[in-house]
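One structure is given below, encoded as structure tokens.
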Amino acid sequence: MQRAIIFDWGGVLLKTVDYRPRHAWDDRLGLSQGSVEQAVHNATSWVQAQCGLISIEAYWQDVAAQLRLSPEETRQLALDFYSGDQLDLSLIDYLRQLRDDGYTVALLSNESADLPTKLQKLGIADLFDPTVISASIGVMKPAPEAYQAVLTRLKRPADDAIFIDDRLENIHGARTLGIHGVHYAAEWIYPPRWSTFFMRNCQK
């Protein structure tokens, strides 16, 4: 049986390739570079949103309070902040090929509850089976329960799955459960050797 391949979302399939929109907001608000990003990816409300404890609306209200933004400014920031993000289309195409070849492709992401809507808008919601989001299960990687949730949905044992993530602590978390972890930043093999990579790592 071909193994299940579990992908992370941000930093793997979706990457920030242009930070200028974020830095433009730093300049607009008279803040040092990186301040707006720190407010958006904060350690309180953003974590709460990723755990499903607060709504995405409540999260942005908190960001607005931190940066002293009006409702209109907040809406514009929410649009601008992610405008430099780009879907890795070559990787998405390869995932579709994997699906066509009989592999199970899953998604496990620390994200807020609006990720399924984003996937629908991008036209790739059907690519993953299952899609497991921290906001839906109430726990974030690298907690063991996050990986167990996707394994349960897959109905596969840990050693029958490969997990790919850009954060090393998440790879360590997966390996603790016996999942084959691949650190995207250090171990991923780009084309034209992808087929060799999957033949070596994904076959029984």
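How many residues does the stretch 52-77 contain that are of a type in the set (A, V, I, L, M) and within 24 Å of Met140 (Cα to Cα)? Qualifying residue count for the region: 5.
All conditions but one from (1) surrounded by 16 or more Cβ atoms within 10 Å (Cβ to Cβ); (2) more than 25 Å from Ile137 (Cα to Cα); (3) not acidic (Asp, Glu) apply to Ala49; the one that does not is (2). Only a single criterion out of (1) open to solvent by 30 Å² or more (accessible area, probe 1.4 Å); (2) of a type in the set (A, V, I, L, M, F, W, C); (3) touching a helix residue (DSSP H, G or I) at 6+ places or on another chain (Cβ under 9 Å) is not satisfied by Ile171, namely (1). Selection of the stretch 87-105 for residues being part of a helix (DSSP H, G or I), in contact (Cβ under 8 Å) with a residue 12 or more places away in the chain and not β-branched (Val, Ile, Thr) yields Ser90, Leu91, Tyr94, Leu95, Arg96, Leu98, Arg99. When Ala43 is tested against (1) among the aliphatic types (A, V, I, L, M); (2) touching a helix residue (DSSP H, G or I) at 6+ places or on another chain (Cβ under 6 Å); (3) assigned to a loop (DSSP other than H, G, I, E, B), only condition (2) is not met. For the stretch 65-77, state whether one or more residues are in contact (Cβ under 8 Å) with a residue 24 or more places away in the chain, in contact with an Asp or Glu (Cβ under 6 Å, 6 or more places away or on another chain) and in a helix (DSSP H, G or I). Scanning the stretch 65-77, I find no residue that is in contact (Cβ under 8 Å) with a residue 24 or more places away in the chain, in contact with an Asp or Glu (Cβ under 6 Å, 6 or more places away or on another chain) and in a helix (DSSP H, G or I), so the answer is no.
The values are calculated or read from the model by the stated rules, or taken from the named source; none is laboratory data. All of these numbers come straight from a predicted model, not from anything done at the bench. Every residue, glycine among them, receives a Cβ derived from its backbone with ideal geometry; neighbour counts consider all protein chains shown. We work out accessible area using only protein heavy atoms, side chains counted, and drop any ligands, DNA or RNA first. Shrake-Rupley method; radii C 1.70, N 1.55, O 1.52, S 1.80 Å.
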